[in-house]
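*Asks:* Here you go, one structure.
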Amino acid sequence: MAEEYQKEIEKRRTFAIISHPDAGKTTLTEKFLLYGGAINTAGSVKGKANSKYAVSDWMGIEKERGISVTSSVLQFNYDGYCINILDTPGHQDFSEDTYRTLMAADSAVMVIDASKGVEAQTIKLFKVCVMRHIPIFTFINKMDLEAKDSFELLDDIETVLGIRTCPINWPIGAGKRFKGVYDRETKQVSMFQAVSVGGSKSAAETAYDINDSRLQEEIGEELYQQLLDEVELLDGASDALDQELVDKGELSPVFFGSALTTFGIETFLEHFLKMTLSPLPRLSNEGLIDPITAPFSGFIFKIQANMNKAHHDRIAFMRICSGKFDANKDVCHVQSGRKMKLSQPQQIMAQDRKVIDEAYAGDVIGIFDPGIFSIGDTLCAPGKKFEYEGIPTFAPEHFCRLVSLDSMKRKQFIKGVTQLAQEGAIQIFKDYSLDLSEIIVGVVGVLQFDVLKYRLESEYNCEVRLEPLPYNYIRWVKDPATDLNKLKRVSDCKKVKDMKDNPLLLFANEWSIRIVLENNESLELEEFRKN
Ligand code: G4P
């Protein structure tokens, strides 16, 4: 039976695409989809303020702001592969979900704006990829615009992110003088030719061997000489392509291109598909679970409420880790011990959602949540009972005191806040010593505060006030038995505990974290909390 799925699973590639807002993540995703024939025109992935809304049109707040809070999973076929792209929401809708999505991916594509280099949000997402040791591919985008020096960009990635790089191709000029890219393996230069913005695939690219005299004529003596010098430098000084290091996420293959003009996309895809693997075994409390030989299993990494306003429903996003999911068969929800059929399993595409009957390891599907799933839960074939490793809790960066304006509605208020925290939209904390009713809310992206207020009002009928707190850093105390009241020099940080009574510290800046660590030698702080 396993052989039956083997072919399906082996052709799967599941990756997340990460970047700082505006680096070109959406544009690149669209171009991938164009290659896969999944969409016909560019511009259909993201509903912008002035264009028609896509599926994410589920919450008033989104309408008001013209942004998309919902992320999606896009599946397309290309060259015999079945590719799942997991979008990691950026802009204001950056949230803990963005991090969680990375837990479901087998590799990551990092898009960098060539004129900017590594930016803040990329750093945060990158850290999660490193924690997971997944392969990270770099696409340096917008080469058709003025760019930083290519060596400087590599240096930036290496020093800021601490990962080695290996350029697979190399750009010739940039901006108005962008002529194309040189493939270091084939020693061919693909000449840059912009394709109309909304157009389909790239035009037939002209390619020359690096020794072809026509190349010199086309790009001019100066750029040609520069190319020869740079290639020599690269061959002498840069890391060799070591697939083992790529697999471990220690060496990032780098590509240069321009998503908007559809240049360098096909090359990227081809190399990427060759260098990445189909889903690998995942760790559970019963050891590694093989994606092919083990029966169906998966875990929930994200829960989205209110996808359908009329029903207040919740959709759980499940990453399938082994075997085949069959909508007609029962599955077991390990945490509750319940056997059930998953209703309305669906593929969450940007444009629409499609009810599906089957899916395989590597795929991500949305399932209806009857209110029993939590983030990190395992689902598997009946008779099995293992649990996949939990999803870490990521550090929120914004904190507010949450005050209920109507003391008569205390019960609803607590219920609402607890449910929203369970869903993973927010994290809640309380003061370490005073067991007052003070609730502190932490979020990764500030928009979550608006979402919280909106949802408490619209779903739980509770008016609330959010009072900002001057902290931006949170650290879990590694040893939960630590007595925070015994720590020295903690005057400018706030001592709190989470709902499981784990001790934590809130800091205003990195400097105060250092001071506390210096003054308390045995104290160990953590940025993620493994659950
Ligand atoms: P994001 O998802 O990472 O936030 O970025 P997105 O793809 O939305 O791209 C941000 C802006 O950069 C868009 O312009 C997009 O057209 C542009 N862009 C993306 N890739 C390239 C590229 O390779 N070259 C050039 N020149 N521009 C690129 P916008 O004006 O903000 O949006 P739009 O009106 O074009 O949609």
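Any read-out appearing in this document is the output of simple, stated calculations on the displayed coordinates, not a laboratory observation. The structure displayed is predicted, hence computed values, not measured ones. Neighbour counts run over all protein chains shown; Cβ positions are idealised from the backbone, glycine included.
*Asks:* Straight-line reach from residue 488: which lysines have Cα under 16 Å away, leaving out those fewer than 8 places along the same chain?
*Replies:* Within the straight-line cut-off, residue 488 pairs with nothing.
*Asks:* Moving on. Can you list the HN-Hα couplings for segment 490-500, worked out from phi with the Karplus curve (6.51, -1.76, 1.60; θ = phi - 60°), rounded to whole Hz and with x for Gly and Pro?
*Replies:* Calculated HN-Hα couplings, in order: 10, 5, 9, 10, 10, 8, 9, 9, 8, 5, 9 Hz.
*Asks:* Which log10 I(q)/I(0) values does segment 354-434 give at q = 0.18, 0.27 Å⁻¹ under the Debye formula, counting every alpha carbon as one identical point scatterer?
*Replies:* -1.01, -1.51
*Asks:* Using only Cα atoms, figure out Rg for segment 435-507 and give it as a multiple of 2.2 N^0.38 Å.
*Replies:* Working: Rg = 14.5 Å, N = 73, 2.2 N^0.38 = 11.2 Å.
Normalised Cα radius of gyration, segment 435-507: 1.29.
*Asks:* Can you report the principal axis dimensions of segment 416-470 using only the alpha carbons, biggest first, rounded to whole angstrom?
*Replies:* On the principal axes, segment 416-470 reaches 32, 22, 21 Å in Cα extent.
*Asks:* I would also like to ask the following. Using C-alpha positions alone, give me the convex hull volume of segment 209-355 per residue in cubic angstrom.
*Replies:* Numbers: hull volume 30.0 nm³, N = 147.
Value for segment 209-355: 204 Å³ per residue.
*Asks:* So how many Å³ per residue does the convex hull of the Cα atoms of segment 335-482 work out to?
*Replies:* Values: hull volume 26.3 nm³, N = 148.
Cα convex hull per residue, to the nearest whole number: 177 Å³.
*Asks:* Also: Longer than 29 Å from Cα to Cα, which of 324/415; 31/384; 31/248 are they? Say none if no pair is. Show your work: numbers first, answer last.
*Replies:* Values: 324/415 37 Å; 31/384 41 Å; 31/248 27 Å.
From the list (324/415; 31/384; 31/248), the Cα-Cα distance tops 29 Å for 324/415; 31/384.
*Asks:* Okay, next question. Normalise the Debye intensity by I(0) for segment 104-255, one equal point scatterer per Cα, no solvent, then take log10 at q = 0.14, 0.18 Å⁻¹ and round to two decimals.
*Replies:* After summing over all Cα pairs, the log10 values are -0.73, -1.13.
*Asks:* Further, regarding this structure: Considering only the other residues whose Cβ falls under 12 Å of the Cβ of residue 299, what net charge follows from Lys and Arg at +1 and Asp and Glu at -1? Walk me through the numbers on the way to the answer.
*Replies:* On the way: positive: 100, 282, 302, 319; negative: 377, 387, 389.
That sum, taken over residues with Cβ under 12 Å, equals +1.
*Asks:* Would you mind giving the average projected area, over all directions, of the Cα convex hull of segment 120-199 in nm² with one decimal? Each step should come with its number before you reach the end.
*Replies:* Details: hull surface 26.9 nm².
If you wrap the Cα atoms of segment 120-199 in a convex hull and average its projections, you get 6.7 nm².
*Asks:* Follow-up question, since we're still on this one. Using only C-alpha atoms and all pairs of different ones, pull out the Kirkwood radius for segment 399-531 in Å with one decimal.
*Replies:* Over segment 399-531, the inverse of the mean reciprocal pair distance is 15.5 Å.
*Asks:* On to the next question. List the aspartates and glutamates whose alpha-carbon lies under 17 Å from that of residue 478, not counting same-chain residues fewer than 8 positions away?
*Replies:* The qualifying aspartates and glutamates are 498, 501, 518, 521, 524, 526, 527.
*Asks:* Full-extension gain between residue 357 and residue 385, please, as 0.36 nm times their residue separation minus the C-alpha to C-alpha distance. List each step's numbers first, then the result.
*Replies:* Values: separation 28, 0.36 × 28 = 10.08 nm, distance 2.35 nm.
Taking residue 357 through residue 385 to full extension adds about 7.7 nm, to one decimal.
*Asks:* Round to the nearest 0.05 the FRET efficiency obtained for residue 273 and residue 372 when R0 = 41 Å and r is the Cβ-Cβ distance. Mind dumping the intermediate values first?
*Replies:* Working: r = 38 Å, r/R0 = 0.92.
E between residue 273 and residue 372, to the nearest 0.05, is 0.65.
*Asks:* Would you mind computing the Rg to Rh ratio of the chain from its alpha-carbon coordinates, Kirkwood style for Rh? Numbers along the way, then the final one.
*Replies:* On the way: Rg = 24.4 Å, Rh = 24.7 Å.
So for the chain, dividing Rg by the Kirkwood Rh gives 0.99.
*Asks:* Please report the antiparallel percentage of DSSP beta bridges with both residues in the chain, rounded to the nearest 5. Provide the component values of the computation, followed by the final result.
*Replies:* Working: 81 of 106 bridges.
Of the beta bridges lying entirely in the chain, close to 75 percent run antiparallel.
*Asks:* Quote to one decimal, in nm, the extra length available between residue 501 and residue 454 on full extension: 0.36 nm per residue of separation minus the C-alpha distance between them.
*Replies:* On the way: separation 47, 0.36 × 47 = 16.92 nm, distance 2.76 nm.
Taking residue 501 through residue 454 to full extension adds about 14.2 nm, to one decimal.
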